[in-house]
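Only one structure is covered here, and it is reproduced in the block below.
The values are calculated or read from the model by the stated rules, or taken from the named source; none is laboratory data. All figures in this text were calculated on a predicted structure; none of them were measured in a lab. Note that we place each Cβ from the backbone using ideal geometry, even for glycine, and neighbour counts take in every protein chain shown. These area figures cover heavy atoms from the full protein model, side chains too; ligands, DNA and RNA do not enter into them. Shrake-Rupley method; radii C 1.70, N 1.55, O 1.52, S 1.80 Å.
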Amino acid sequence: SRARVLEKGTKSKVTFNDVAGLEEAKEEIHELITFLKSPGKYRQLGAKMPKGILLVGPPGTGKTLLAKAVAGEAGVPFFSLSGSEFVEMFVGVGAARMRDLFQKAKMKAPCIIFIDEIDTIGRARGKLQAFQTNDERESTLNQLLAELDGFDTDTGVIVLAATNRGDILDPALLRPGRFDRHIHLELPNLKEREAIFGVHIKPLRLSDDVHVASLAAQTPGFSGADIANICNEAALIAARREKQQVDKQDFMDAIDRVVGGLEKKSKIIT
Ligand code: ATP
């Protein structure tokens, strides 16, 4: 949901250092970087990369971040769009956007196309949301399928897509040669939360009483996005209190605030 339209193919500055935890996912995705750096080596051997990789995991677990890190590490352009942008579009407009995106990407290959919230486009029949008509969704989805079928990874374009719900996707999307590889991202465990706090406190000026281990212990069930949010919130609170450093109390209050926000959100959902 945080991905904006980046159809121009921007350079990503994100690297694996920005992604804490997620070791398995990073390992699984590492080969893509090698491939994007020198697709020719693979071509010579006749080795084919998968075209589409689906990143599946709860909100805020770093799917977008990981996709950007792959582009950043490989030094290739990153094209992205979000499935939610296709909501309430006139029939045909979504399909044209999709065609356009792939066309631009192919000219800039090797590169990455990232499709966030792919379930919005790729929901199985009968599981549409109220605002979607079948025609509109189907024409966009069909265009995506045609684009996926219409190129070889020889061209050096890799499509990464993200969803919170792998189970509701149209099986057509998951067939061999489409999104046939899945990488699962989970909510971070204690050690991983500690590492994520480590990444996000780096830009802050901290007081000695702040310890990442204890912050991690107080945030079970929090996502990476929640943790990033807490760190920024703590710094804002410290600034409001005109402190020179962000201290433990600021973090405690930031955690309370983020917990409050999460509770409100879940009330709206249920
Ligand atoms: P959504 O499903 O809501 O789109 P997402 O899985 O794509 O979420 P991101 O947008 O990648 O999540 O994460 C949001 C932000 O949370 C990131 O920009 C980053 O600041 C932080 N974050 C999430 N996971 C991690 C992580 N593993 N390491 C460091 N920061 C993280």
Task: Scan of the range 11-48 for residues that are open to solvent by 30 Å² or more (accessible area, probe 1.4 Å) and of a type in the set (S, T, N, Q), ordered by number - done: Thr15, Asn17, Thr34, Ser38, Gln44
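Filter the range 182-222 down to the residues that are among the acidic types (Asp, Glu), more than 24 Å from Asn164 (Cβ to Cβ) and assigned to a helix (DSSP H, G or I) and list them by number.
Filtering the range 182-222 down to residues among the acidic types (Asp, Glu) leaves 186, 192, 194, 208-209.
Okay, now just the ones that are also more than 24 Å from Asn164 (Cβ to Cβ), so 194, 208-209.
Hit for the range 182-222 is Glu194, nothing else.
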TODO: Say whether the condition of being in contact (Cβ under 8 Å) with a residue 60 or more places away in the chain, within 20 Å of Cys231 (Cβ to Cβ) and open to solvent by 30 Å² or more (accessible area, probe 1.4 Å) is met by at least one residue in the range 153-174.
DONE: no
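Have a look at Thr140, Thr219 and point out the one that is among the polar types (S, T, N, Q), crowded, with 18+ Cβ neighbours inside 10 Å and within 15 Å of the ligand (Cβ to nearest atom). Lay out the reasoning, then the answer.
On the way: Thr140 fails: within 15 Å of the ligand (Cβ to nearest atom).
Of Thr140, Thr219, the one residue that is among the polar types (S, T, N, Q), crowded, with 18+ Cβ neighbours inside 10 Å and within 15 Å of the ligand (Cβ to nearest atom) is Thr219.
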Task: Unique residue being more than 13 Å from the ligand (Cβ to nearest atom), β-branched (Val, Ile, Thr) and either modelled with pLDDT of 95 or more or farther than 19 Å from Asp180 by Cα (or both) when the list is Val56, Val87 - done: Val87
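Residue by residue, here is whether (1) farther than 30 Å from Lys104 by Cα; (2) in contact with a strand residue (DSSP E or B) (Cβ under 9 Å, 6 or more places away or on another chain); (3) of a type in the set (S, T, N, Q) holds:
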residue: Ala162; (1), (2), (3): no, yes, no
residue: Leu169; (1), (2), (3): no, yes, no
residue: Leu174; (1), (2), (3): no, yes, no
residue: Glu194; (1), (2), (3): yes, no, no
residue: Phe197; (1), (2), (3): yes, no, no
residue: Leu206; (1), (2), (3): yes, yes, no
residue: Leu215; (1), (2), (3): yes, no, no
residue: Pro220; (1), (2), (3): yes, no, no
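Checking the conditions here, which among Ala234, Ala225 is assigned to a helix (DSSP H, G or I), more than 12 Å from the ligand (Cβ to nearest atom) and not polar (S, T, N, Q)?
One residue alone meets the criteria, Ala234.
Kindly evaluate Arg241 against the criterion of being open to solvent by 90 Å² or more (accessible area, probe 1.4 Å), over 26 Å from Gly57 (Cβ atoms) and without any contact (Cβ under 8 Å) to a residue 12 or more places away in the chain.
Details: open to solvent by 90 Å² or more (accessible area, probe 1.4 Å): yes; over 26 Å from Gly57 (Cβ atoms): yes; without any contact (Cβ under 8 Å) to a residue 12 or more places away in the chain: yes.
Yes, satisfied.
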TODO: Quickly run through the range 175-189 and pick out the residues that are open to solvent by 80 Å² or more (accessible area, probe 1.4 Å) and away from the ligand (no atom under 14 Å from the Cβ).
DONE: Arg175, Pro176, Arg181
Task: Answer from Asp208, Asp256, Asp250 - the residue that is buried (at least 20 other Cβ atoms within 10 Å of the Cβ) and among the charged types (D, E, K, R) - done: Asp250
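Looking at the structure I just gave you, is Gly83 of a type outside the set (A, V, I, L, M), in contact with a helix residue (DSSP H, G or I) (Cβ under 8 Å, 6 or more places away or on another chain) and crowded, with 22+ Cβ neighbours inside 10 Å?
Values: of a type outside the set (A, V, I, L, M): yes; in contact with a helix residue (DSSP H, G or I) (Cβ under 8 Å, 6 or more places away or on another chain): yes; crowded, with 22+ Cβ neighbours inside 10 Å: yes.
Answer is yes for this residue.
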